[in-house]
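Working notes for the structure below.
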Amino acid sequence: MPLIELPSFWNILLDIAAWIVIHLVVAVLSIRMPLRRFTSDSPLYRTRAWEDGGRVYQRVFRIRRWKHLLPDGGSWFKNGFAKKHLTGRDAAYFAQFTAESRRAEWTHWLCIPPALLFFLWNPVPVGFVMILYALVVNLPCILAQRFNRPRLEAMECRLSAGDPKRSVK
């Protein structure tokens with residue numbers, strides 16, 4: 001039994017409004033965080049051996065087939081960083097792209113826990129649907145960041161080393 005009982009119409013309206021607010025607030029707070037907070041390879045962002053340089057996401061999820069369908073939220077904000085296409089060709093650009101990839105992953109991880117709030121005004125089965133929604137909406141974006149980041153880091157490393165044969169075409 002929910003803590004706050006509302007008619008179904010108001011539950012649905014509140015659910016929609018709450019998700020819009022959650023996504024926007026988390027995105028705005030994340031984009032206002034200094035980029036330097038995302039420049040180091042913390043345990044959350046570090047590529048694990050089992051990820052095989054991001055290749056596991058292609059093998060298991062066929063990520064290249066669908067990642068282009070994901071929205072690029074970074075381009076929606078004034079100070080956002082578009083990640084849909086490469087626009088730079090130097091090490092500094094790839095360093096920034098890598099940091100912005102970490103920021104994007106952080107943002108999507110932060111959007112999942114608020115799903116628990118929906119149990120306050122929804123019946124328990126609907127609360128679980130809201131958790132499922134949070135996972136379905138955010139995990140593909142997290143997977144895309146984890147798939148791309150090892151390749152971005154490798155390109156940054158090659159360009160920083162000054163290997164002209166490895167520059168971006």
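The values are calculated or read from the model by the stated rules, or taken from the named source; none is laboratory data. Note that the structure is predicted; figures quoted are calculated from it, not measured. Using ideal geometry, Cβ is built from the backbone for each residue, glycine included, and neighbour counts are taken over all protein chains shown.
A few points about this structure:
- Of everything in region 61-85 that is outside any helix (DSSP H, G or I) and of a type in the set (D, E, K, R), the residue that is modelled with the highest pLDDT is ARG62.
- Taken as a whole, region 23-35 holds at least one residue that is at pLDDT 95 or above and surrounded by 14 or more Cβ atoms within 10 Å (Cβ to Cβ).
- Filter result for LEU110 (loosely packed, with under 15 Cβ neighbours inside 10 Å, more than 8 Å from the chain's Cα centre (by Cα) and over 20 Å from ARG62 (Cβ atoms)): no
- Test: residue in region 86-104 that is part of a loop (DSSP other than H, G, I, E, B), at pLDDT below 95 and within 29 Å of ILE22 (Cα to Cα): yes
- Cβ-Cβ contacts under 9 Å between residues 6 or more apart (or on different chains), taken from a first residue in region 62-80 that is touching a residue at least 12 places away in the same chain (Cβ under 8 Å) to a second residue that is part of a helix (DSSP H, G or I) and exposed (fewer than 15 other Cβ atoms within 10 Å of the Cβ), are listed as PHE77/VAL28; ASN79/ARG32.
- Residues located in region 39-60, provided they are closer than 19 Å to PHE97 by Cα and in a loop (DSSP other than H, G, I, E, B): THR39, SER40, ASP41, SER42, PRO43, LEU44, TYR45, ARG46, THR47
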